1. Would you calculate the separation in nanometres between label points at residue 159 and residue 39, each defined as 7 Å from the Cα along the Cα-to-beta-carbon direction?
2. Add -39500 (n - 2.57) for each DSSP H run of 4 or more in the chain, then divide by its residues: what number comes out at 222 nm, to the nearest 500 deg cm²/dmol?
3. How much of the DSSP bridge set in the range 3-193 is antiparallel, in percent, rounded to the nearest 5?
4. In what sequence, highest mean first, do 78-85, 115-122 appear when ranked by Cβ atoms within 10 angstrom?
5. For the modelled label position 7 Å from the Cα of residue 143 along Cα-to-Cβ, which residues of the range 80-116 have backbone nitrogen atoms closer than 18 Å?
6. What percent do you get for the relative contact order of the range 91-192 when only Cα pairs under 8 Å and 6+ apart count?
7. Can you put 88, 192 in order of Cβ neighbours within 10 angstrom, beginning with the fewest?
8. Could you give the distance between the Cα centres of the range 109-145 and the range 78-92, to the whole Å?
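No lab work stands behind these numbers, since they all come straight from the coordinates. Worth saying up front: this structure is predicted, and the values here are computed from it rather than measured. Virtual Cβ from ideal backbone geometry, glycine too; neighbours counted across all protein chains shown.
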């Protein structure tokens, strides 16, 4: 299983192509488990994003066939060390130590994609019961089919791979004892406490 991330948080990249990076399985936090604030940073930020589960092997996938490669969707809370990320970008270094460290990604259960769309195709994130992000698949810069086609040019997709499709809004700083909740179409699917 690969964890494949799309990042579109940088305006300068929007007119070109998505940034793609991989994370190890050790970055995953199971639903309802806490996020432990690491000691190598003082600036953890978080955001919610859409996750697709790949259901078949494929490479060089055409956008017109991309829908055949996923059938379920989940939501993730992705944590990253903002200070380390800025340092990596400034020095043209890889981002992994800032975005792919142990326990940096909480993930929900997966639901059927068709019912998700029929119910509105919306995602949300709240911090300490205050809504901070709301977005729909319609507002995404890159649609799922384009993302799958783009990624499969460089990485063969395999059954069980998780494709994190990027964010639509800015991230939020978090601190110890904060609680983040993420959901789809008004249904809470993911809760994560900062410890």
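1. Distance between label points: 4.3 nm.
2. That calculation yields -3500 deg cm²/dmol at 222 nm.
3. Counting only bridges with both partners in the range 3-193, antiparallel ones make up about 90 percent.
4. Output ranking for 78-85, 115-122: 78-85, 115-122.
5. In the range 80-116, the label zone of residue 143 (backbone N under 18 Å from the point 7 Å along Cα→Cβ) covers 113-116.
6. 35
7. 88, 192
8. Distance between centres, Cα-based: 26 Å.
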